[in-house]
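Structure record follows, encoded as structure tokens.
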Amino acid sequence: MISIANSIALQIIMAKKTENTLLFALIEAGALSRQAAIAPLRELGLVPGDDAILLWLNGNPETEFSEMMFELGLDKQSLRTTLFRFQNAGLIICTPSQNGDDLDVTLTDGGQRLIDALEHHWRTLDKQLRAQLKPKKNKKLKKALHKLADSF
């Protein structure tokens, strides 16, 4: 039988082995970059994932609630709660659709400004990251990351 001390020692050894894996490094880099990328959201009281919904709205400017639910894979209550927060923050306007059975969801000027600020922030972070690598390494890393993403 393994003692508690041996069990803890084994967990530490396994953690150290895990820390030395490529997967761990990717997860850590992804988590850190994601935190840096969503900093502007936090400043506005928004949460991770809100950016994805706002960016989707930006690419689909004339959309209905039901289409958003389907395309984003969100349940009705989750999406309703999120859109309510967006509306209270002045990022979107929800109006009854012409057929009256749905809601039209539209970005406000404030929502567009937030998206523009997020995109600017991401470009700035990307520029800082690229500055850490030589152009050739940059290209190789990007290619390797795309290849890796495609493998999942």
Legend entry - Extreme residue, positive dipole direction of the range 38-151, given options F70, Q132, Q98 (C-beta unit charges): Q132
Inset, instruction - Be a star and scan the range 113-133 for residues whose amide nitrogen sits under 12 Å from the point 7 Å along the Cα-to-Cβ vector of L145. - result: 123, 125-133
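From the helices alone, meaning DSSP H stretches of at least four residues, give me the mean residue ellipticity at 222 nm for the chain, per-run term -39500 (n - 2.57), in deg cm²/dmol to the nearest 500.
-22500 deg cm²/dmol
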Inset, instruction - Of the listed values [x] 1.42; [y] 1.28; [z] 1.11, grab the one calculated as Cα Rg over 2.2 N^0.38 Å from the structure here. - result: [x]
Legend entry - In sequence order, calculated HN-Hα J values of the range 61-74 (Karplus, 6.51, -1.76, 1.60; Hz; x Gly/Pro): x, 10, 10, 10, 3, 5, 5, 4, 4, 5, 5, 8, x, 9
Legend entry - Part-to-part distance (alpha-carbon centres) for the range 26-54 and the range 55-112, which is given in Å: 20
Inset, instruction - Report the full-extension gain for the segment R123 to A29: residue separation times 0.36 nm, less the Cα-Cα distance, to one decimal in nm. - result: 32.1 nm
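Any read-out appearing in this document is the output of simple, stated calculations on the displayed coordinates, not a laboratory observation. Quick caveat: nothing in here was measured; it's all calculated off a predicted structure. Don't worry about glycine lacking a Cβ; one is built from the backbone with ideal geometry, like all the others, and counts go over all protein chains shown.
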